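The values are calculated or read from the model by the stated rules, or taken from the named source; none is laboratory data. Just so you know, these numbers come straight off a predicted model, no measurement behind them. Don't worry about glycine lacking a Cβ; one is built from the backbone with ideal geometry, like all the others, and counts go over all protein chains shown.
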Amino acid sequence: MALTIKEVEHVALLARLSLSEDEKVKLSQQLGAILNYADTLNTIPTDNVEPLTHILSVHNVFRADEVQPSMPREEMLANAPLVEAGYYKVPKIM
Amino acid sequence: MELFELTVHALQQKLASRQVSSEEIVKSIFARINKVDDKVKAFITLTEEDALNKAREVDNAGQYKGIAGIPLGLKDLFCTPGVNTTCGSKMLADFVPTYASTAFRRLEEQQGILAGKLNMDEFAMGSSTENSSFFATCNPWDLTRVPGGSSGGSAAAVSADEVPFSLGTDTGGSIRQPASFCGVVGMKPTYGRVSRWGVIAFASSLDQVGVISKDVYDNALIMKIIAGHDHLDSTSAALDVPDYTACLDGDIKGLRVAYPQEYFGSGVDAAIKDAIKKALLKYEELGAIVEEVSLPHSEYALPAYYLVAPAEASANLARFDGVRYGYRDNEAENMEAMFSQTRCQGFGDEVKRRIMLGTYALSSGYYDAYYLKALKVRRLIADDFTRVFKDFDIIVAPTTPTTAFKLGKQSGDPLTLYMNDILTVPVNMAGLPGMSIPCGFDQGMPIGMQIIGKAFDEATIYKAAYAYEQSTNFHTMKPALGVE
Amino acid sequence: MKAYDYEIVIGLEVHVELKTKTKIFCGCSNRFGAEPNTNVCPICSGFPGALPVLNQQVVEYAIRAGLALNCEIASYTKFDSKNYFYPDLPNAYQVSQYDRPICSNGYMDIYVDGKPKRIGINRAHIEEDAGKLVHQGSITETAYSLVDLNRCGVPLLEIVSMPDMRQAAEARQYLEKLRSTMLFAGVSDCKMEEGSLRCDANVSVRPWGEQALGTRVEIKNLNSFRSLEKAIEYEARRQMEALDDGEVLVQETRTWDEEKQVTRSMRSKEEAQDYRYFPNPDLPPLVIPREWVESVARSMPELPQQAQLRLMEKYGLSAYDVSILTSSPEYLAFFDRCVAAFAQPKAVANWMMGELNKFLNQSNLQITECRFSPEHLAELLKMIDEGAVSGKMAKDIFAEMFASGKPAAQIVKEKGLAQISDQDTLIAMIEEVLKANPKVVEDYRGGKQKAAGFLVGQIMKATKGQANPTLVNQLIDKCLSAE
């Protein structure tokens, strides 16, 4: 049960991956195989089971509303591919 | 014995008694690295000059408390200020953080000395370290075989005596499996035991920082240093950390040991099952009570994991968009193209595969059937363990279904590679602590025994592991590596 | 069909910036207007290995806001990640709340034609703000964009109304009251011009009597109360005309063009967003005990709704008046203090809504920046009431008070503006004027009304405008009838 190429393209768009045609074909098969395997989960009844989203049964982890020094701009920009006048620079939207 | 062959506690003694200096230890380590690492290929980055400077500082101060003056290696997803942190990926090949991971900071505060950053599967996704963007690491016991993954470099470096201990992370088995393949001790503590601050995230509800070492005592010692609440990590447990070395007295009379039938199925090599069974007999000899149990949902842990982990990864890896750090496709005409091309070029195949899988599992129309379903199954898996732990103290099982396989053998089919995690993944899904310790060999390759404990009961695991270890000599055996 | 054949249905989504000292998940300060990328850290900038820790004050303010909006406060609530890509969103997910918002099922009462109308509030939830993109020229023309992450991580409360409004004016009222309620509750500065209060409108139309909702259009880029009204009116008309022409309306997002006063489609080529919400694994859920909610309720200051009822019942002021008087806690406090010193609330209200607001708006000042005190205004009103100054004089005095902050009595003294109300003085002056203008007196006795005006004018001239005109008229009559 492979995914269709269209489905692969839709997911790739959501994930912002510009896959090659080759990659799309391979992924349609590989993802299909993995999801097929994952389908075994459907053999287990889970109607009244609460999903386990957090391992620790901890709630209300807070910090106080107290200012901490921000990181200096040079450090924040140090790894940036392109900067200008203290901003991160990116190509135009469209 | 050479200094590089010694354990942490042996080095501590030598330093404390002024038999050696930290500088001598560090020099010995780097001499060893220079000799063997072009074969093992455990390291991505070495920090020799800094290490020597730090060693001299420690020697000048003349105080050798804790792990002062002792070198270590870090899997390359621990942020180290001023030192390249690549996560094994082209995406972060040039990334130099200015902030430190808490686990590293705690070691540094005790004047542990960073020797270098260790190779890994890209973004911690893999079981062989072959998914590293840079190169594959080799198993010191047989250089044509994989060291396991994703903390392959961390395990190989300790196994090859390149560092006395290292830190790794374990999301689905990434400490325990390479420790098993490389014949060293690897411990993944309870989820929340060690801070995840500054650890580049793969799957937030599964990732845990752990220790890889030459023996159980070392592991206990280091774990005590790095574990404990961190206000920077909302998922870190606000619980006291016991002194794990204090419970290593070898007395396990009356210890209730369970072994789950589902972990001894046909998918596991006979030699491995035999080794574990022998270990269980040893436990009985030592006074433990050993019984078979069932963890009925075991077979569903892997498929559930391969929905939950990629889903969380798809969100954690979305920040790699070329804007603020890391790789960017500079030829892109516009922003959308920059995002998509950057990510497609910067990530390797396995990472892209998991991002796609995770995105799909969360997408509209599929969320309930895949992601939500997997989380419900996760609860059932955790409940299985809870039930067993009502009557038992530890669970013993094999760590891996096979010993280390040949490099290049499994790269074709992703599902086959995923199967390597089948015995380790349930422990992450339940958030429990789990360790792998050497318990034998099959045709010259190490076999690992997995010891699983109750939540926040690392102490019992350490106790049980130590008792077994001291009754064997697997921990003293070292790979030949084709060098004298 | 004609416009009156359609009913307009409006819902508002309002984002309020919570005025905590620090951002929602990190210790960076929550302030407006810093140099680009100087108010950031690895957490709010989405760096590898960073993790969020929730600011407790954010939850406290959210509870307070929810109670002020008559909402139920959830006893269990959690955070979800909303996933999408944009350069101003560093993690490529926004931490928000999806299916278990902290507040729900609330309402707010507004006044339509003097009658109360209840607008339902569906939910209010906590989320984090994104950064800003700066371009050269328009977003479609610019060659590149610049990213400033200062605003990332600023805590927001998103308040979603039910589609209960039927006129643009109602929507404006709702927003004004929501704004003042948040001000009174002390959770936000609500400055639309700084972006700490943002509003998007959802507008649809349907034939009268039709139960089903029409196609809904979301309008963004509403930067003032006025734009909100104009945009809703425009969009409603656009939709009605389109339907009259037989067009099928598309569910879409449109932007308000302030310059051209129209809404324009923002539809992009891409398909609808799939945000793939899932529970954020880095943030443990919240359990909000009753005691916490009750303690917040106990310390809640008086809110506009209560203040408005109080003013209407106690002082008989109109719904319109009280909505202005409760536009901010500081404004109401000024009113209350003034009335305490001069117990004529209607007069106080008129002067504040009239002269005071005129001057404040002209100088672009807030009531807190008014140079004179409420007691000073009371003093002036008392002087008018006692006839110490004329109404016209009072306006000049007021202007001087506003400019200098000096009290009325001092100004009157300095400028010699005291209104002459002393009868003897006036009679003396009147008799002089009458003596000097015998012909006019004759005309006046003859019944010519204009003559009276001339005489009053003369007296005002002689007294440099300071004679009390009402008194002058009475005294002229008296003097003339005496002869």
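Couple of notes before you dig in:
- Residues in region A:8-23 that are surrounded by 20 or more Cβ atoms within 10 Å (Cβ to Cβ) and in a helix (DSSP H, G or I): 4 in all.
- Residues of region B:286-339 satisfying the condition of being surrounded by fewer than 24 Cβ atoms within 10 Å (Cβ to Cβ), closer than 30 Å to B:ILE394 by Cα and acidic (Asp, Glu): B:GLU291, B:GLU292, B:GLU299
- Taken together, A:ILE5, A:ILE44 contain a single residue that is touching a helix residue (DSSP H, G or I) at 6+ places or on another chain (Cβ under 7 Å) and facing another protein chain (nearest Cβ under 8 Å), which is A:ILE44.
- Residue within region B:99-106 that is of a type in the set (Ser, Thr, Tyr), outside any helix (DSSP H, G or I) and more than 26 Å from the chain's Cα centre (by Cα) present: no
- A single entry from C:ALA451, C:ALA408 fulfils the requirement of being in contact with a helix residue (DSSP H, G or I) (Cβ under 8 Å, 6 or more places away or on another chain) and either surrounded by fewer than 18 Cβ atoms within 10 Å (Cβ to Cβ) or over 22 Å from C:LYS395 (Cα atoms) (or both): C:ALA451.
- Candidates B:GLU108, B:GLU49 - the one that is in contact with a strand residue (DSSP E or B) (Cβ under 8 Å, 6 or more places away or on another chain), modelled with pLDDT of 95 or more and surrounded by fewer than 23 Cβ atoms within 10 Å (Cβ to Cβ): B:GLU108
- Residues within region C:48-98 that are in contact (Cβ under 8 Å) with a residue 40 or more places away in the chain, within 14 Å of chain B (Cβ to nearest Cβ) and part of a loop (DSSP other than H, G, I, E, B), tallied: 13
- Taking region C:184-283 as the region of interest, the strands (runs of 3 or more DSSP E) fully inside it that hold 2 or more residues being under 25 Å from C:SER323 (Cα atoms) and out of contact with any Phe, Trp or Tyr (no Cβ under 9 Å at 6 or more places or on another chain) are C:197-207.
- Here B:PRO296 passes the criteria (1) within 30 Å of B:LEU415 (Cβ to Cβ); (2) outside any helix (DSSP H, G or I); (3) in contact with a strand residue (DSSP E or B) (Cβ under 6 Å, 6 or more places away or on another chain) except the one numbered (3).
- Just one residue in the set B:ASP457, B:ASP442 is modelled with pLDDT of 95 or more, among the acidic types (Asp, Glu) and closer than 30 Å to B:ASP251 by Cβ; that residue is B:ASP457.
- Residue among C:LEU222, C:LEU213 that is touching a strand residue (DSSP E or B) at 6+ places or on another chain (Cβ under 9 Å), buried (at least 22 other Cβ atoms within 10 Å of the Cβ) and not assigned by TED's automatic domain parsing to the domain that holds C:ILE324: C:LEU222
- C:LYS191 satisfies every condition listed in (1) touching a residue at least 24 places away in the same chain (Cβ under 8 Å); (2) at negative phi except (1).
- Members of region B:107-125 found to be assigned to a helix (DSSP H, G or I) and either touching a residue at least 60 places away in the same chain (Cβ under 8 Å) or of a type in the set (Phe, Trp, Tyr) (or both), listed by number: B:LEU107, B:GLU122, B:PHE123, B:ALA124
- Pairs meeting the criteria (first residue in region A:9-23 and without any contact (Cβ under 8 Å) to a residue 40 or more places away in the chain and within 20 Å of B:GLU333 (Cα to Cα), second residue assigned to a helix (DSSP H, G or I) and charged (D, E, K, R), beta carbons under 6 Å, at least 6 apart or on different chains) are A:ARG16/B:ARG343; A:LEU17/B:ARG343; A:LEU17/B:LYS352.
- Checking each residue in region B:86-101 for being at negative phi and buried (at least 24 other Cβ atoms within 10 Å of the Cβ) picks out B:THR86, B:SER89, B:MET91, B:LEU92, B:PRO97, B:SER101.
- Listing of helices (runs of 4 or more DSSP H) fully contained in region C:405-472 that carry 3 or more residues being at pLDDT 80 or above and over 51 Å from the mean Cα position of the chain (by Cα): C:423-436, C:438-445
- Selected residue (criterion: nearest to C:SER188 (Cα to Cα)) from residues of region C:31-45 that are more than 7 Å from chain A (Cβ to nearest Cβ) and surrounded by 24 or more Cβ atoms within 10 Å (Cβ to Cβ): C:CYS44
- Criterion: among the charged types (D, E, K, R), farther than 28 Å from C:GLU193 by Cα and surrounded by fewer than 19 Cβ atoms within 10 Å (Cβ to Cβ) - qualifying residue of C:GLU291, C:GLU355: C:GLU291
- Pairs, first in contact (Cβ under 8 Å) with a residue 12 or more places away in the chain in region C:412-433, second of a type outside the set (A, V, I, L, M, F, W, C), C-beta under 6 Å, six or more apart: C:GLN419/C:SER390; C:GLN419/C:GLN466; C:GLN419/C:ASN468; C:ILE420/C:THR463; C:ILE420/C:GLN466; C:SER421/C:GLY387; C:SER421/C:ASN468; C:VAL433/C:GLN458
- Counting only strands (runs of 3 or more DSSP E) that fall entirely inside region B:160-266 and contain at least 2 residues that are touching a strand residue (DSSP E or B) at 6+ places or on another chain (Cβ under 9 Å), more than 14 Å from chain C (Cβ to nearest Cβ) and among the β-branched types (Val, Ile, Thr), the qualifying elements are B:208-213.
- For region C:225-254, the set of residues classified as among the hydroxyl-bearing types (Ser, Thr, Tyr) and at pLDDT 95 or above consists of C:SER227, C:TYR234, listed by residue number.
- Flag if C:ILE476 is touching a Cys at 6+ places or on another chain (Cβ under 9 Å), in contact (Cβ under 8 Å) with a residue 24 or more places away in the chain, surrounded by 14 or more Cβ atoms within 10 Å (Cβ to Cβ) and not assigned by TED's automatic domain parsing to the domain that holds C:ASP336: no
- Selection of region B:356-395 for residues being among the charged types (D, E, K, R), within 8 Å of chain A (Cβ to nearest Cβ) and without any contact (Cβ under 8 Å) to a residue 60 or more places away in the chain yields B:LYS376, B:ARG379.
- Matching residues, region C:110-144, being within 8 Å of another protein chain (Cβ to nearest Cβ) and out of contact with any Asp or Glu (no Cβ under 9 Å at 6 or more places or on another chain): C:ILE139, C:THR140, C:THR142, C:ALA143
- For region C:159-171, the criterion of being assigned to a loop (DSSP other than H, G, I, E, B), surrounded by fewer than 18 Cβ atoms within 10 Å (Cβ to Cβ), more than 24 Å from the chain's Cα centre (by Cα) and of a type in the set (S, T, N, Q) is met by no residue.
- Test: residue in region A:77-94 that is more than 10 Å from chain C (Cβ to nearest Cβ) and either crowded, with 17+ Cβ neighbours inside 10 Å or free of Cβ contacts under 8 Å to residues at least 24 places away in the same chain (or both): yes
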